[in-house]
1. Would you pick out the residues in the stretch 399-440 that are of a type in the set (S, T, Y), away from the ligand (no atom under 16 Å from the Cβ) and not in a helix (DSSP H, G or I)?
2. How about the stretch 45-96: which of its residues are surrounded by fewer than 20 Cβ atoms within 10 Å (Cβ to Cβ), hydrophobic (A, V, I, L, M, F, W, C), touching a Lys or Arg at 6+ places or on another chain (Cβ under 8 Å) and at pLDDT 95 or above?
3. Filter the stretch 206-242 down to the residues that are closer than 23 Å to T160 by Cβ and of a type in the set (V, I, T) and list them by number.
4. State whether one or more residues within the stretch 339-354 are at pLDDT 95 or above and in a helix (DSSP H, G or I).
5. Considering only the stretch 353-398, state which residues are at positive phi, without any contact (Cβ under 8 Å) to a residue 60 or more places away in the chain and away from the ligand (no atom under 16 Å from the Cβ).
6. Kindly provide the set of residues from the stretch 397-417 that are buried (at least 17 other Cβ atoms within 10 Å of the Cβ) and in contact with a strand residue (DSSP E or B) (Cβ under 8 Å, 6 or more places away or on another chain), ordered by number.
Amino acid sequence: DKLEAFPEDFLWGAASAAYQIEGAFDADGKGPSIWDEFTKIPGKTFEGTNGDVAIDHYNRYKEDIRLMSEMGLKAYRFSVSWSRILPDGEGKVNKEGLDFYENLVDELIAYNIEPVLTLYHWDLPLALQEKYKGWESREVIQAFKQYCQVLYGRLGKKVTYWVTFNEQNVFTSMGYRWASHPPNATDTKRLFEANHIINLANAEAIKLFRKMVPKGKIGPSFGYGPVYPLSASPDDVLASENATDFNNSWWLDVYCKGKYPTFTFKQLERKGIAPTIESGDLELLKQAKPDFLGINYYHGGTVAQNKIESKSIESLNDKNFSATDPYLMQPKEEQSQSPEVPMFQSSENPYLNKTEWGWEIDPVGFRVALREVYARYDLPLFVTENGLGAKDMVTDEGTIEDDYRIDYLNQHIMEMKKAVTDGVELIGYCAWSFTDLLSWLNGYKKRYGFVYVDRTEQDEKEMRRIPKKSYHWYKELIADNGENIN
Ligand code: GCO
């Protein structure tokens, strides 16, 4: 069977996030974010790494964009740091912050690279956390609307593709359930309340976008993982349906259908942790269908019937961050111990190999993911992240021979091509990431980029950029629009 070609205008890209690359944490009037604060808590990140300097993209964006252009990149996904635009999260606008992003966008456009702008990639202004308890208060929706309004007004004519929230599933679970992200909580009631408020903010952002940027396209980016039953036993299959509902439909149904999936909602109600829905909320959610869904794909999960009785989740706080895998249904240490989710139990998949960080490598799961989402929501998809974190080494010749990354991306793009042949409508594919960047919890040990960034001491000021072998591989792939992938 011959595979279909990628669409002519397919957006081959790469992605990043402000906190992970920009540095310049207090430059030109930027206010602090919750990540500037969270990384100061001992033991939260590997060797206490933080984004104060990151890879200094704030000062080197021109050099980075030149490298993108030499690679032939068609799209670049980046996020805006809210507290650069509004240092207090609301109120006074910081002109320098806005200028930075407009310059960045202009530079991309000058090189014919399509900018893909993420509004929220986790770095909430600290002022909003302190004043309103962050996403736990509806006041923050108004602040988010102001932030969106400022960006739509300034960049709406230049940027076509907009992402509202990046991986709402990941940052809310990590932040409110597993204390691995700010605000450092382990409280499922708070998790679902904050999550609902973010859903409302997402809807408001899309509604406002329709008015201010009528020609643009907007949607959230979701960290999707397909769920497999461990066996063909009906109990395991039922467990996998529960896990799909809880891990995927819980968010995507709200975005696309404006309602929460029934089974999980009832389950949460019985536990007393369902979100508080006020009058008007559901109407608002229904008015904000996205234009596309951004899909971040790393891996899925396998589940079995949960036979273990509820236990406590006390030990959560001293969890070792390196074991944290945000895409897992439950962190390893907590498997089956969470009294809130007795509907399934996470399990090892005997058919899949893992990365150095224990993430399953599952290219076929990528095709499954794209088909599942497309079938259920009938919206064009944009792969906004996919990639491999690894410990890259510089050889004596000064090169980085990351064949493992090439292999990983090749297999995933191959499966994506099969999904296109199946009929999935795809706008583009952004590999994670363009340059190496700060891993939120793993510092610079875990690298994802096509371009190596030398952060060794003797090179600290230089922060030399070195294209890896995968850079040249991706360049060729883009040049023939994925024709020769095999
Ligand atoms: C890491 C993570 C991130 C995420 C990304 C999600 O190691 O910190 O893998 O890089 O993939 O921020 O959107």
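The values are calculated or read from the model by the stated rules, or taken from the named source; none is laboratory data. A quick note: this is a predicted structure, and the numbers were derived from the prediction, not measured. Here the Cβ positions follow ideal geometry from the backbone for every residue, glycine too, while neighbour counts run over all protein chains shown.
1. T399
2. L67
3. Across the stretch 206-242, the qualifying residues are I206, V213, I218.
4. Looking through the stretch 339-354, none of the residues is at pLDDT 95 or above and in a helix (DSSP H, G or I).
5. Passing the criteria: only D378.
6. If the condition is that a residue be buried (at least 17 other Cβ atoms within 10 Å of the Cβ) and in contact with a strand residue (DSSP E or B) (Cβ under 8 Å, 6 or more places away or on another chain), then I400, D402, R405, L409, I413, M416 are the ones that fit.
Here is a yes/no grid of residues against (1) small (G, A, S); (2) assigned to a loop (DSSP other than H, G, I, E, B):
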| residue | (1), (2) |
| --- | --- |
| V116 | no, no |
| L119 | no, no |
| A127 | yes, no |
| K131 | no, no |
| F144 | no, no |
| Q149 | no, no |
| K157 | no, yes |
| W162 | no, no |
| N169 | no, no |
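Per-residue answers, yes or no, for (1) aliphatic (A, V, I, L, M); (2) closer than 30 Å to E476 by Cβ:
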| position | (1), (2) |
| --- | --- |
| M68 | yes, yes |
| R77 | no, yes |
| S81 | no, no |
| I85 | yes, no |
| D88 | no, no |
| E96 | no, no |
| Y101 | no, no |
| L104 | yes, yes |
